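Worksheet: the structure to be examined is printed underneath.
The values are calculated or read from the model by the stated rules, or taken from the named source; none is laboratory data. Computed from a predicted structure; not experimentally measured. Glycine gets a Cβ as well: all are built from the backbone with ideal geometry, and neighbour counts include every protein chain shown. The accessibility values were calculated without ligands, DNA or RNA, using every heavy atom of the protein model including side chains. Shrake-Rupley method; radii C 1.70, N 1.55, O 1.52, S 1.80 Å.
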Amino acid sequence: MPLELPSLPYATDALAPVISEHNLRMHHEGVHAGYLKRLNTLLETDEPTTRSLENIMGTGRGEAQACACQAWNHTFFWQCLTPWYHPPGRVLKEALAARWGSLEAFQEAFMASAMAHFMGGWTWLVYTPQGRLDIHNAADAGSPLLRGFTPLLAVDLWEHAWYVDYGNDRRKYLQKLWGIVNWPFVEQCLEDALATAEGRRNRLHA
Ligand SMILES: [Fe+2]
């Protein structure tokens, strides 16, 4: 079975005006689907049946691994966004405040990291194996999973994510994105990470 493009968790026009329908459709049905199409082509000469994205990310090499990472990253990124905004809950808000001082200070640090990243890639909020929240920039098709991090929030920094709607103003794209971040999803990812045995052993600290 070929790897299939997951549906968006909302309509293609649901994130407008932060992300226009045109941009989101192009991003999902063009870019995201393109990585899976290329990956399926590459896998035709390998094992075309039961391999998961995570398996290919962990054991694959070269272009196949990069395509798998990009497909996984995009699926996660769509879940980090929502047209039904809810502010961060208590667990997440306290964890961010313990690490950065406040939600606003975290957002500033996250944006500074994203703005400092050169060329294509991703900025992530992650939970580290040491039991710490951190901001992690990944170049190109980088994956926090391959570094042992648990991803909590992803922002796509590739130009295809924002250039159509924001021209060369990456900062404006990042600022507007806060209005559609799916904080309940981010918080659930954190709670899942904390619920692991490692998470229980390592109390979250700044
Ligand atoms: Fe993208």
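A quick yes/no check of all residues on (1) in the same structural domain as ARG147 (by TED's automatic domain parsing); (2) farther than 21 Å from GLY148 by Cβ; (3) not basic (Lys, Arg):
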| residue | (1), (2), (3) |
| --- | --- |
| LEU43 | no, yes, yes |
| MET57 | no, no, yes |
| GLU63 | no, yes, yes |
| ALA95 | yes, no, yes |
| ALA105 | yes, yes, yes |
| ALA109 | yes, yes, yes |
| VAL126 | yes, no, yes |
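A count restricted to region 67-94 and to residues that are within 16 Å of the ligand (Cβ to nearest atom) and aliphatic (A, V, I, L, M) stands at 3.
Do we find that MET57 is more than 16 Å from the ligand (Cβ to nearest atom), at negative phi, in contact (Cβ under 8 Å) with a residue 60 or more places away in the chain and assigned to a helix (DSSP H, G or I) in this structure? Yes: the conditions hold for MET57. When ALA97, ALA64 are screened for being free of Cβ contacts under 8 Å to residues at least 40 places away in the same chain and either closer than 14 Å to LEU39 by Cβ or within 16 Å of the ligand (Cβ to nearest atom) (or both), only ALA64 passes. ARG38 fulfils the conditions (1) farther than 30 Å from ASP13 by Cβ; (2) without any contact (Cβ under 8 Å) to a residue 40 or more places away in the chain; (3) open to solvent by 90 Å² or more (accessible area, probe 1.4 Å) except for a single criterion, (1).
Here ALA16 clears all of (1) at pLDDT below 95; (2) open to solvent by 30 Å² or more (accessible area, probe 1.4 Å); (3) aliphatic (A, V, I, L, M) except the condition numbered (1).
I'd like to know if region 22-34 contains one or more residues that are more than 16 Å from the ligand (Cβ to nearest atom), open to solvent by 50 Å² or more (accessible area, probe 1.4 Å) and aliphatic (A, V, I, L, M).
In the first step, residues of region 22-34 are kept if they are more than 16 Å from the ligand (Cβ to nearest atom); the result is none.
No - not one qualifying residue is present in region 22-34.
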